[in-house]
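To start, the structure under review is shown below, and the notes come after it.
The values are calculated or read from the model by the stated rules, or taken from the named source; none is laboratory data. This structure is a prediction, so every number in the text was calculated from the model and none was measured. Glycine gets a Cβ as well: all are built from the backbone with ideal geometry, and neighbour counts include every protein chain shown. The protein model used for the area step is the full one, side chains on, heavy atoms only, and it has no ligands, DNA or RNA in it. Shrake-Rupley method; radii C 1.70, N 1.55, O 1.52, S 1.80 Å.
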Number of protein chains: 2
Amino acid sequence: MTAAGDATTGKGPAGEDPQGADPRDGTGYRLTAQAGHLLRRANQRHLAIFSARMPDLTPRQFAALAKLDEEGPASQNQLGRATSMDAATIKGVIDRLARRGLVATEPSQEDRRRLIVSLTEAGAELFARAAPVALEITEETLAPLAPEERRLLTALLDRIS
Amino acid sequence: MTAAGDATTGKGPAGEDPQGADPRDGTGYRLTAQAGHLLRRANQRHLAIFSARMPDLTPRQFAALAKLDEEGPASQNQLGRATSMDAATIKGVIDRLARRGLVATEPSQEDRRRLIVSLTEAGAELFARAAPVALEITEETLAPLAPEERRLLTALLDRIS
DNA sequence: AGACTTTCATTGGCATGCAAACGACCCGCA
DNA sequence: TGCGGGTCGTTTGCATGCCAATGAAAGTCT
């Protein structure tokens, strides 16, 4: 270990307060006990696993390809809603995918505001190769949990989404 | 809200595959069933709640204040590790907090590489007012769950972090 | 002491993510 | 038929978030 004056604050063992309010100090707040912090950390680990296993696609780019594969062509905003990205975000994602030739865009005939996005041949092929890896990523993300716990976590996350 | 909630049973002969692989289509991938997607969506909802309840502070800015209040002054990188932000990210957060006079920075005496960050009077006061709100944010984030489920989710998230 | 390894802070670059503002366009309704 | 409200895509601005590279400063090992 390093001896560079790095007090790791061992703190007390004690029966912790699961809510994060701690009577020991004035404000009663422990960052690491908050749901938001835990969600962020879990997500961070997941993203690290993702980029290690699928270096050529970002999670969002893959999500867009997956949804296009799942549901077929859609307008940009539709696709954004389906993947939980706002209009500004999905635009950047689609632009980058289009620049790589993984998706194609064309204006809609019925509604001239809309920009229809569809998978290209290359995009479909890449997705087909990537999908199994994506399942492995989910697997590795949930690796610390037993099968029963994985289903439970999934269900709980879905309910607070 | 979706049918993914009943994933706790062994299921029948050919029920849903909770892992997200679905034999019905070629690639066998359902985006909305993946842990990463659910983590992201849950986090998204949490961030929305946060910014609605605490418009003057971002989650990361608040986290930095909270950690400083909890552990006292620390170097920038130390604080980053304590709040799970990398060196590049924590720098921006501290810069913005310093510009608002909520934290102060000064070079360390013992180690001239280090930049010691501490709460200012104003920062401590703001945190004192914000901490109760932060607890409410956690509360609202977990509102859809029963107390027992909240503890369970927290524990599961901690294990995959 | 001198070389090698680490750590610290900073910077540049790329990719989200969200809010707000815009112009174009569609639709229901008076 | 014309108009106001809502949608679509775009752009700008700000705040993460991470990687890689860099120079300065410590620490370690011989």
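Some points to look at:
- Percent accessible area from carbon and sulfur atoms, segment A:58-159, protein chains only, probe 1.4 Å: 49
- Average accessible surface area per residue within segment B:34-150, 1.4 Å rolling probe, Å²: 48
- Across the identical copies, the label point of residue B:48 (7 Å from Cα in the Cβ direction) is separated from its matches by 2.9 nm, in order from shortest.
- At least 50 Å² of accessible area lost relative to the chain alone, listed for segment A:125-140 with a 1.4 Å probe: A:135, A:138
- Remark: mean inter-chain Cβ contacts per residue of A:145-154 equal 6, using a 10 Å Cβ-Cβ cutoff to other protein chain atoms.
- Hull shadow area, averaged, segment B:34-150 [alpha-carbon convex hull, nm²]: 8.5
- Computed accessible area, residue A:58, all protein chains, 1.4 angstrom probe, square angstrom: 60
- Charge dipole of segment A:30-161 (Cα centre as origin; +1 on each Lys and Arg Cβ, -1 on each Asp and Glu Cβ, all else neutral): 640 debye, rounded to the nearest 20.
- The mean sequence distance of close C-alpha pairs (under 8 Å, at least 6 residues apart), as a share of the length of segment A:58-159, puts its relative contact order at 25 percent.
- Distances between placed amide hydrogens fall under 5 Å for residue A:74 paired with A:117, all partners being 5 or more residues away or on another chain.
- Inter-copy label distances for residue B:92: 0.9 nm (label point placed 7 Å from Cα along Cα→Cβ; shortest first).
- Taking amide H as placed 1.01 Å from N in the peptide plane, the amide H of residue A:29 sits under 5 Å from that of A:22, each at least 5 places away or on another chain.
- Pairwise burial A:B, computed as accessible area of each alone minus the pair, summed, 1.4 Å, Å²: 6000
- Each copy carries a label point for residue B:108 at 7 Å from Cα toward Cβ; from one copy, the others' points are 5.7 nm away, ordered from shortest.
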